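Okay, structure first, notes after.
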Amino acid sequence: MARKKIALIGGGQIGGVLAQLIAQKQLGDVVLFDIVEDLPQGKTLDIAEASRVDGFDVSVTGTNNYKDIEGADFVIITAGLPRKPGMSRDDLLVTNAKIMKTVAENVKQYAPNSTVLVISNPLDAMVTLCQKVTGFPHNRVLGQAGVLDSSRFATFIAWELGVSVKDVNAMVMGGHGDTMVPIVRYANVNGIPAMELLERKYNDKAKAKEVMDAMVNRTKMAGGEVVKLLKTGSAFYSPASSAIAMTEAILFDEKRILPTCAYLNGEFGIKGYYVGVPAVLGSNGVERVLEFALDGEEKAALDNSVKAVQGLVADMERLGF
Ligand code: TXD
């Protein structure tokens, strides 16, 4: 079987780490595209020169020419500006929508059969625009946010409970913004409700709730926390790792259940929007959205998050995208 061709559009912080991870895991041949001259060529040369040490033999090349992504099976888009301290993800809308439009037109032209994973912010709006411009079926255009937000939530729970993060399951739904919805009720440590473990730790229900609320808030603000520390950009290691988990699920037809920015057609009472929900990822991209009953508070929080996404999409349409 021929090796998969994976095109990465955007050779910045996340794009660079993606290229390295894909090479190290030998997921396919990598073509890294950026508009900045020499940048993708430099990064991929650097990565390729580690091939002997790391023991991978996929091809890793950089380009400023869209023609080189021709025939890609899988495309990951990170092109666009990241946040600066004090900016919200939504502040990036106009700039990144312009970039996404051009990127999506080229993906449509050169990789018409690809599955496209969008990472650029504001995430939910960028996925929406990417699908609109490419015209690809909704199952082949998806976004990464929830895997990262959920990993952040799980990490904080693991630290708080002093347990291995490998045993923590926690999911975040909704849009990739301050309104995201960490699902506390189902957060667990190897099946044991995280809330119960917290209550036992503190022997105090109110205190346990306070601690959980703080973790929920930290999860919602986690992107900004990193931006504030880095000062020159936003998180890039964890977003790249998260995108790789989704890429592997699709390339290897794993049917993993990952929180995915997926197009909804009535699931969770939402129709016609891309929002973060648990989905089955396999060789057909988003194969299925897994619906489950939300309680009143969760549903209200999800609806509020969907409203924020709808607002962004409406702004984008008003701006002519
Ligand atoms: O979980 C998530 N979805 C996210 C998303 C988590 C963190 C960061 N997230 C967003 O990803 C972030 O807000 C940005 O919108 C993207 C990419 O973040 P990254 O940290 O990689 O940004 P960089 O380092 O600035 O890289 C962006 C690259 C840079 O090299 C530009 O030259 C390039 O994009 N760029 C373009 N590439 C192709 N085509 C065009 N038009 C273009 N314009 C800029």
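Selection over segment 88-116 of residues that are within 10 Å of the ligand (Cβ to nearest atom) and either touching a strand residue (DSSP E or B) at 6+ places or on another chain (Cβ under 8 Å) or within 27 Å of GLN20 (Cβ to Cβ) (or both) gives a count of 9. Being surrounded by 15 or more Cβ atoms within 10 Å (Cβ to Cβ), within 16 Å of the ligand (Cβ to nearest atom) and at pLDDT 95 or above is a property that does not hold for GLY28. Set side by side, the residues GLY135, GLY143 differ, and just one is under 22 Å from LEU92 (Cα atoms) and either in contact with a strand residue (DSSP E or B) (Cβ under 9 Å, 6 or more places away or on another chain) or not assigned by TED's automatic domain parsing to the domain that holds GLU196 (or both), which is GLY143. Can you tell me which residues in segment 48-84 are within 23 Å of the chain's Cα centre (by Cα), free of Cβ contacts under 8 Å to residues at least 40 places away in the same chain and more than 12 Å from the ligand (Cβ to nearest atom)? Listed by number, the list is empty, since nothing qualifies. Scanning segment 198-237 for residues that are out of contact with any strand residue (DSSP E or B) (no Cβ under 7 Å at 6 or more places or on another chain), among the aliphatic types (A, V, I, L, M) and closer than 26 Å to GLN144 by Cβ turns up MET212, ALA214, MET215, MET221, ALA222, VAL226, VAL227, LEU229, LEU230, ALA235.
In the set (1) outside the structural domain of VAL289 (by TED's automatic domain parsing); (2) closer than 27 Å to LYS299 by Cβ; (3) open to solvent by 60 Å² or more (accessible area, probe 1.4 Å); (4) of a type in the set (Asp, Glu), ASP124 fails one condition alone, (3). Against the conditions (1) crowded, with 20+ Cβ neighbours inside 10 Å; (2) within 24 Å of ARG89 (Cβ to Cβ), ILE250 satisfies every one except (2). Screening ASN265 against (1) within 30 Å of MET1 (Cβ to Cβ); (2) open to solvent by 60 Å² or more (accessible area, probe 1.4 Å) leaves a single unmet condition, (1).
The values are calculated or read from the model by the stated rules, or taken from the named source; none is laboratory data. Keep in mind it's a predicted model, so treat the numbers as computed, not measured. Every residue, glycine among them, receives a Cβ derived from its backbone with ideal geometry; neighbour counts consider all protein chains shown. SASA here: full protein model, heavy atoms, side chains in, ligands and nucleic acids out. Shrake-Rupley method; radii C 1.70, N 1.55, O 1.52, S 1.80 Å.
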